[in-house]
1. Please list, in chain and number order, the residues 5+ apart from B:Thr371 or on another chain whose amide H is under 5 Å from its amide H, with Hs placed from the backbone.
2. For each pair in A:Lys67/A:Lys281; B:Lys67/B:Lys264; B:Lys67/B:Lys281; A:Lys236/A:Lys281; A:Lys264/B:Lys308; A:Lys67/A:Lys236, compute the distance between the two Cα atoms and list the pairs where it is over 22 Å.
3. Just from its helices, what would the mean residue ellipticity at 222 nm be for chain B, if runs of 4 or more DSSP H residues each count -39500 (n - 2.57) and the sum is divided by every residue, rounded to the nearest 500 deg cm²/dmol?
4. Considering just Cα atoms, how many Å³ per residue does the convex hull of chain A enclose?
5. Can you list which of the GluC sites (Glu not before Pro) found in the range B:1-36 are DSSP loop residues with at most 10 other C-beta atoms within 10 Å?
6. Once the label point is set 7 Å along the Cα-to-beta-carbon vector, what list of distances in nm do you get between B:Glu565 and its counterparts in the other copies?
7. When Rg is the radius of gyration of the Cα atoms in the range B:413-498 and Rh is its Kirkwood radius, what does Rg/Rh come to?
8. Can you work out which chain B residue has the shortest Cβ-to-axis distance for the rotation that carries B onto A, and give it in Å?
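Quick note: the coordinates plus some simple rules give every number you see, no bench work behind them. What you are looking at is a predicted structure, and each value in this text was computed from that prediction instead of being measured. Positions of Cβ are generated from backbone atoms using ideal geometry, with glycine treated the same way; all protein chains shown enter the neighbour counts.
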There are 2 protein chains.
Amino acid sequence: MDERTERNELAAQLAVDSIRCSTAAGSGHPTSSMSAAHLLAVLYAGHLRYDVSEPRHPGGDRFVLSKGHASPLLFSTLKAIGAITDEQLLTFRRFGSPVEGHPVPLPDMPWIDVATGSLGQGLPIGLGMALGLRILERPGRVWVLMGDSETAEGSVWEAMENASYHGLDNLIAILDMNRLGQRGPTMLQWDGDAYARRAEAFGWHARVIDGHDVGAISEAYTEAEQTVGPCLIVAKTEKGHGVSFLANREGWHGKALNDEQAAKAIAELGGERSITITPLKPEPLTATEPRRSPGTLPSFDGPVATRKAFGDTLAAMAPTREDLVVLDAEVGNSTYTEEFDEAEPDRFVQFFIAEQAMIGAAVGLQAVGLTPYAATFGAFLSRAYDFTRMAAISRAHVRLSGSHAGVSIGEDGPSQMALEDLASFRAVDGSTVLYPADGASTAALVAEMADTDGIAYIRTTRESTPKLYDAEDAFPIGGSKVHGASGGDVATIVGAGITLIEALTAAETLRGEGTPVRVIDAYSIKPIDGETLRAALDATGLLVVVEDHRVEGGIGDAVLEAIAEGGRPLSGRVVKLGVSRMPSSGSPTELRDWAGISAGAIAEAVRAALG
Amino acid sequence: MDERTERNELAAQLAVDSIRCSTAAGSGHPTSSMSAAHLLAVLYAGHLRYDVSEPRHPGGDRFVLSKGHASPLLFSTLKAIGAITDEQLLTFRRFGSPVEGHPVPLPDMPWIDVATGSLGQGLPIGLGMALGLRILERPGRVWVLMGDSETAEGSVWEAMENASYHGLDNLIAILDMNRLGQRGPTMLQWDGDAYARRAEAFGWHARVIDGHDVGAISEAYTEAEQTVGPCLIVAKTEKGHGVSFLANREGWHGKALNDEQAAKAIAELGGERSITITPLKPEPLTATEPRRSPGTLPSFDGPVATRKAFGDTLAAMAPTREDLVVLDAEVGNSTYTEEFDEAEPDRFVQFFIAEQAMIGAAVGLQAVGLTPYAATFGAFLSRAYDFTRMAAISRAHVRLSGSHAGVSIGEDGPSQMALEDLASFRAVDGSTVLYPADGASTAALVAEMADTDGIAYIRTTRESTPKLYDAEDAFPIGGSKVHGASGGDVATIVGAGITLIEALTAAETLRGEGTPVRVIDAYSIKPIDGETLRAALDATGLLVVVEDHRVEGGIGDAVLEAIAEGGRPLSGRVVKLGVSRMPSSGSPTELRDWAGISAGAIAEAVRAALG
């Protein structure tokens, strides 16, 4: 059999298996798989350097299925390379099977690096992988298969502009231009030249080919491998290709064939096959792991802004934590990540104002073994919330920092204030949410985050705050610090970050009035130190929780959850203080007063509650 | 004085006033204002059709300052057209002043339509305004002033592609290409041709001009007014133009000048001026308000998916609510907004998979007086969370629907499951969060949303649910429904949407075992019916709250907040059931069982709590 026939046979098998597994499941996207069968057949049989027994081989390539709904095609390909069996393939979408509805990286599915299924995320992730491989000086390429519908997502263009800006030679995107989206034709249908013009305008090389011609595909892949700079291959394809009643027909998106339809389609495709292939070997290479020695953390003798302490700590860790990569969205002089840039410019990546690409790239960077920290204003991380949600599904270990939290930023006004960040990050699966109040606690937590699994978020403050702790103090995740507890306390004030400072002042005022109160620094909001909180409520009968955040979903709700944990009997009282109206411009002090979260307002709330 | 001199004088005044107000405030962005002074001088003096006494005149144009940090320029322009006084201008950024740090529409600032300050949102909003004016058959144009840094945001390209796809002749974007971002040069610096190529590839007309040449600016505006299709004017400018120590200098972003620097800069600009101008009159036109008669809502005799009931209701309202515009992100056959499309195609807008552009456009549509409903999978609304947050700051009235909520979607897996939506929407200022369980309650709430202020979110379910209510039943926002209450109830189960169905089954089982329980349908999650919940806790001593959502930030937290409201003494017990691990593919039933939110799991939780 000549190579062309071999590839076409393999493509037919991938199409048949895509139908078989989705029909067995009773759902899925066979037609979106069939359009790209030739594209993956040629890639895995002749271009992707891949060791199925060591999918993260340091000399290997990476593949990202950005159009995650074409999962039947990916799993059919994994069967063809011997990664999974036919029996496993047929467990597609079943409860308990790693052959999930959309690709998810799992311990028993090591051939998938990242989760996809929310469209427009594969290219930003691939961008991060390509950057990471370059940082690690590894030879592999990153191949991303995109759908045409998903190019409507702006995040694709964020990745495009950043890939060309950063001159990535090792990133190749393949566009499966099958003309049909979920509910009808795409915006550009089969106008391959229009896609190519867009990519070229964004600094990419682009070429339009027939996506069912295995010779043309292989030639385009070879050209892309040899090209300097990122390449887009626009492959004109048919959705449901190869089957008369599916090819280029509307109304078949996301529909499995019934048994009769499947039999007919499989017959048209020439029946079942059992071809196995071995991809090209990765370049022989022994992985050199980056050094991960803890460095000396900075210490702070006086007041410092926690955002500054964050930047100082990253810079201090830079030389000895060679796995760290810091990502900026054009605010490095505000978040102080510019200090890391000064220390290690080769491990600092500027994404300009493209938060989605930044978080997507962070997922890609950790998928090649690096440790990304991405930072911007907390308010603007909301731009990438879908990417954060998906990062959790990717089981990604990503460190995020949101600066300029709360009304305390002052004059810039509400558009720049992070007021929903704690709520949104708390709701992410397996997340860690931290909010230190001073320099020492920030340094400790920033360092701890480096080795924290999952999505770890640290919230920082614009203004300087006084020194509360020493460099020797420990701040375990899940812990808290109690200030000024005495046996006779009649109330507990719970704060974190800037409101801890206000709480400490309020407590002093109250003590001066003969009202003994304690203060808890809830620097770890998720997980929260429920034991200490419950003990304080039992001891004092009143918790006043104060946060520079919306009243919904933040520290107050985390405290209430801890109080109610396990359905334990409730007693005492909990007062939540937070931002409950729309703020305006003003000084930080004016705005905290207005919001009822200043020292004065806290003291008044305690007095009112104690009647 | 000839026109050129007049425009240059006005531009100098705008630059001077931008310096004056930011220096008075001690913060702000004078140099980002100065780069665009000529652009706004020519726009307001000779092109924008605008009645300062009636800024929403039906025959007028609209202006959006997408680079919201150039607020000093906007307020200086408002002074020049007589909208605000010089004294008001000098209250810039002060607490209590409507002259905020970034533009915000307020009752005493009616010359601003929408809030900006999170970059890359002005063009999507302008797109919505332009669509809205076309729908209303009004002659006005929409002018959007963008910064160059913000073109890195993918949302700009989502707006670009949709504006050309929808053939908008009434949208003109002006790019203030001043070369410098917050922390240094932009990605493309002064490569105006590169911007033009990108815009042209996205279907726009584009022209590069000298942004400080008032003649060239006016000519480009005139050309854009006469061009068919959307136009981008790339204006090469200098940040800090006109002042020797500011012009094109790094390190001046977001910095106010001190008094001495200001005096020197103002002297270089020729001193203070007191020019006033009158913009061109809007076309004489009397507004015809769209009809807003309530139609006949659909009724449902049997099971129906709430997503289907949502689409049915929109379609039923279509003919008599002429203000409704429905927006889709390429899933209209899943959210059933396609039914509205069939009924009123001229008021249905397809945004393809561009959720940010969709929500931005919704803000623009309501700013011209229409009533937008935007719908996609709940999971994918997370893509536009920053737009939703900013929509609240815009005081926008936007209706959102998220379908396919929770693990109950089943086989498609976690990437498609909305599990963080309740938490994120609850945290939005002034939001309303609804989650009906059957057809009748969905229809009632969808209709009610049409006249609800602020961000109103309705969550719907993929599967059919049984009929619970009649078309005559009322579902006021902030209310709830109690099922099967008796004096002897020993527990209350609180559910909403799909978990209400599970809760009702669990209650039946428990009653069969001799354990009387009541069930509360918390269809209104924000505001929640605290009174009914507190009464139920007092009466039964135990609330079991069950939600197909992450345990953080959703219904459980809303219930705890209501229980603790006002610091009232806590008693009884509250058990929260929700999704606390990462789901996989599986059947809806398997996944609800796995998550511990099925009827069986609820009954078991009640039994366990009752010991």
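1. B:Leu324, B:Val325
2. Correct reply: A:Lys67/A:Lys281; B:Lys67/B:Lys264; B:Lys67/B:Lys281; A:Lys236/A:Lys281; A:Lys264/B:Lys308.
3. My calculation for chain B gives -11000 deg cm²/dmol from helical runs alone.
4. Dividing the Cα hull volume of chain A by its residue count gives 153 Å³.
5. Loop-located and lightly packed - none at all.
6. For B:Glu565, the other copies' label points sit at 2.7 nm, shortest first.
7. Dividing the radius of gyration by the Kirkwood radius yields 0.99.
8. B:Gly154, 1
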